[in-house]
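Quick one: structure below, then a few questions.
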Amino acid sequence: MPNKLTTKITEKRLTEELDFNSILKASQVISGEIILKNLLEKLMRTIIENAGAQRGFLLLENNSNWLIEAEGNIEDENLTILQSIPINHSDQISHNIKLSIPIINYVAHTQESIVLNDASQEGKFTQTTYIVKNKPKSILCTPIINQGKLNGIIYLENNLTTDAFTPQRVEIVKILSSSAAVSIENSRLYEQLEDYSKTLEKKVQLRTQELQDKNQQLNVTLAKLKATQNQIIAQEKLASLGALTAGIAHEIKNPLNFVNNFAEICIELTDELYEEVDNQKDKLDQETIEYIEEILKDIKQNSQKIHEHGQRADKIVHGMLMHSKGKPGQRKRTNINNLLAESVNLAYHGMRVQDPSFKIKIETNYDSNIPETNIVPQDISRVFLNAINNACYAVNEKSKSYPENFTPTLTVTTANKNEEIEIVIHDNGKGIPHTVIDKVFNPFFTTKPTGQGTGLGLSISHDIIVQGHQGQIFIDSKENEYTELKIILPIVNIISKTTSNNN
Ligand SMILES: Nc1ncnc2c1ncn2[C@@H]1O[C@H](COP(=O)(O)OP(=O)(O)O)[C@@H](O)[C@H]1O
Ligand SMILES: [Mg+2]
């Protein structure tokens with residue numbers, strides 16, 4: 001087989017002329033390829049074929065190292081492409097040296113071609129390791145130069161025959177390698193461009209992800225903002241309703257005083273008239289006396305009714321006026337746990353007085369780590385009392401419909417949470433339907449029968465906690481299961497200037 005190849009190459013050499021047509025074709029094949037791998041493959045094949053080489057290598061430089069990027073053999077269909085084998089590497093494993101490193105270094109250094117017709121006999125490399133060991137015959141090594149810059153090196157060998165690389169063939173290799181130089185540069189640029197577009201794509205993806213994350217954060221913030229805004233709107237609404245309520249109460253207070261006073265006077269006057277009728281009974285006949293006394297009785301009863309209901313109206317007006325207490329109460333360092341315990345006690349006994357059969361289980365969880373805080377004790381205890389009364393009323397109502405298997409329970413809890421005091425008043429009573437839970441802080445909203453509730457308790461509580469103490473108040477409930485009122489009060493150590501000035 002080697003013999004056959006030698007003959008073929010020798011024959012070809014004899015008949016050889018510079019065939020421009022096939023050079024042009026080969027050159028076109030090379031320049032038409034942009035993918036580096038394909039380009040190197042075609043280049044290697046074309047050069048080996050056109051130069052009459054037996055083996056060929058194409059080396060490219062990377063960080064001042066020469067790497068074998070293409071390797072071909074006339075007998076072998078398969079080429080080794082883009083393995084980036086450093087020539088030094090093959091140097092170390094000396095039994096596996098593939099080509100002459102001194103020749104590569106010489107060409108790289110001088111940027112000139114070397115043609116050896118019988119490498120082990122002529123030229124300056126006869127004594128070098130590779131040549132001594134492998135005794136190659138013909139060697140052609142030529143630089144690939146583009147715009148004066150060394151781009152790569154082509155190394156060709158023919159170990160079967162001397163004088164394989166005739167001047168014409170050297171010329172062909174030079175022409176092909178110069179067109180290869182441009183193509184290699186282009187395909188390297190193309191690779192860079194692909195790399196760049198891939199990193200760009202990655203960057204875009206990364207940025208998109210970042211933007212999406214930011215967006216999500218913004219949405220969360222927006223939702224929080226909306227919730228806060230709604231809370232502020234609700235607070236403002238309640239505050240203005242409170243002010244309106246107080247205003248109305250103020251207007252009603254005076255005429256109501258007249259009604260109450262004159263009703264009282266009317267009662268006194270009817271008593272006086274009774275006495276006078278008694279004094280004059282000799283001058284009047286019995287029938288007239290009875291008639292007058294009948295009328296007086298009615299007048300007195302009516303006046304008493306007016307007085308009684310007037311008193312009730314007065315209480316309501318008094319409650320309404322709590323929305324606009326002229327002077328804020330005096331703040332005092334107070335132990336919230338004690339204040340709450342007192343309120344529980346007071347409310348429980350109040351309920352027992354009204355209804356001796358009233359029963360409730362009371363659970364208390366007081367956090368002993370709560371420091372004293374500056375509050376207006378009578379205002380806060382008002383809030384507690386109303387809440388506990390509401391709870392007692394709700395469990396009482398529920399026990400009317402579920403007399404068995406129901407333990408009315410009130411649970412009061414306090415906790416120190418990050419410089420704030422959290423107070424929770426929980427009952428297992430009839431609960432609040434979700435359709436009305438938004439209204440419970442409105443003044444006059446009540447579900448209790450006339451005379452039992454004014455609907456002012458929670459609206460005044462809201463005023464006291466939010467406006468008066470810069471705290472928060474929330475209600476949560478499930479119908480027929482529970483109601484929970486949560487109050488959050490800031491822990492205040494020093495009596496604030498404004499409050500002390502106001503006093
Ligand atoms: N613990 C509770 N359980 C059930 N409903 C409650 C509770 N607390 C408040 N409510 C509801 O809120 C309404 C308003 O309460 P409030 O402002 O204290 O006024 P009032 O007690 O005079 O009705 C009550 O009528 C009731 O419908
Ligand atoms: Mg109430």
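Residues E11, E17: which one is at pLDDT below 80, open to solvent by 60 Å² or more (accessible area, probe 1.4 Å) and assigned to a loop (DSSP other than H, G, I, E, B)? Lay out the reasoning, then the answer.
Details: E11 fails: assigned to a loop (DSSP other than H, G, I, E, B).
Going through E11, E17 in turn, just one is at pLDDT below 80, open to solvent by 60 Å² or more (accessible area, probe 1.4 Å) and assigned to a loop (DSSP other than H, G, I, E, B): E17.
Please verify whether K398 is within 14 Å of ligand 2 (Cβ to nearest atom) and in contact (Cβ under 8 Å) with a residue 40 or more places away in the chain, treating the condition exactly as stated. Write out each step before concluding.
Values: within 14 Å of ligand 2 (Cβ to nearest atom): no; in contact (Cβ under 8 Å) with a residue 40 or more places away in the chain: yes.
Taking the combined requirement at face value, the residue does not satisfy it.
Only one residue in V424, V440 is more than 8 Å from ligand 1 (Cβ to nearest atom), under 24 Å from L340 (Cβ atoms) and of a type outside the set (S, T, N, Q), so which one is that?
On the way: V440 fails: more than 8 Å from ligand 1 (Cβ to nearest atom).
Just one listed residue meets the conditions, V424.
Of all residues in region 222-251, count the ones that are open to solvent by less than 80 Å² (accessible area, probe 1.4 Å) and under 26 Å from Q470 (Cβ atoms).
Restricting attention to region 222-251, the residues satisfying the condition of being open to solvent by less than 80 Å² (accessible area, probe 1.4 Å) are 223, 227-228, 231, 234-235, 238-243, 245-249.
Subset that is under 26 Å from Q470 (Cβ atoms): 223, 227-228, 231, 234-235, 238-243, 245-247, 249.
Going through region 222-251 one residue at a time, the tally reaches 16.
Hey, another quick one. What do you reckon, is M1 open to solvent by 50 Å² or more (accessible area, probe 1.4 Å) and either modelled with pLDDT under 85 or in contact with an Asp or Glu (Cβ under 9 Å, 6 or more places away or on another chain) (or both)? Reasoning before the result, please.
Details: open to solvent by 50 Å² or more (accessible area, probe 1.4 Å): yes; either modelled with pLDDT under 85 or in contact with an Asp or Glu (Cβ under 9 Å, 6 or more places away or on another chain) (or both): yes.
The answer is yes for M1.
Considering each residue of region 99-148, count those that are in contact with a Cys (Cβ under 7 Å, 6 or more places away or on another chain) and among the aromatic types (F, W, Y), and give that number.
0
Select from region 188-208 the residues that are among the basic types (K, R) and touching a residue at least 12 places away in the same chain (Cβ under 8 Å) and list them in ascending order.
Within region 188-208, the first condition is being among the basic types (K, R), and the residues that meet it are 188, 198, 202-203, 207.
Within region 188-208, just R188 meets the criteria.
Hey, another quick one. Considering only region 25-84, how many residues are open to solvent by less than 20 Å² (accessible area, probe 1.4 Å), assigned to a loop (DSSP other than H, G, I, E, B) and in contact with a Lys or Arg (Cβ under 7 Å, 6 or more places away or on another chain)?
Qualifying residue count, region 25-84: 1.
Which pairs do you get when a residue that is in contact (Cβ under 8 Å) with a residue 40 or more places away in the chain, found in region 379-393, comes within reach of a residue that is in a helix (DSSP H, G or I) and near ligand 2 (Cβ under 10 Å from one of its atoms), reach meaning Cβ atoms under 6 angstrom, with the pair 6+ apart or on two chains?
Cβ pairs passing all conditions: V383/S461; N386/G457; N386/S461.
Does region 403-415 include one or more residues that are of a type in the set (S, T, Y), part of a loop (DSSP other than H, G, I, E, B), away from ligand 1 (no atom under 12 Å from the Cβ) and at pLDDT 90 or above?
In the first step, residues of region 403-415 are kept if they are of a type in the set (S, T, Y); the result is 407, 409, 411, 413-414.
From what's left, part of a loop (DSSP other than H, G, I, E, B): 407.
Those left that are additionally away from ligand 1 (no atom under 12 Å from the Cβ): 407.
Still in the running and at pLDDT 90 or above: 407.
Within region 403-415, one or more residues are of a type in the set (S, T, Y), part of a loop (DSSP other than H, G, I, E, B), away from ligand 1 (no atom under 12 Å from the Cβ) and at pLDDT 90 or above.
The values are calculated or read from the model by the stated rules, or taken from the named source; none is laboratory data. In this text the structure is predicted, and so the values were computed from the model without any measurement. All Cβ positions, glycine included, derive from the backbone under ideal geometry; neighbour counts span all protein chains shown. Keep in mind that these areas ignore ligands, DNA and RNA; they rest on the heavy atoms of the full protein, side chains included. Shrake-Rupley method; radii C 1.70, N 1.55, O 1.52, S 1.80 Å.
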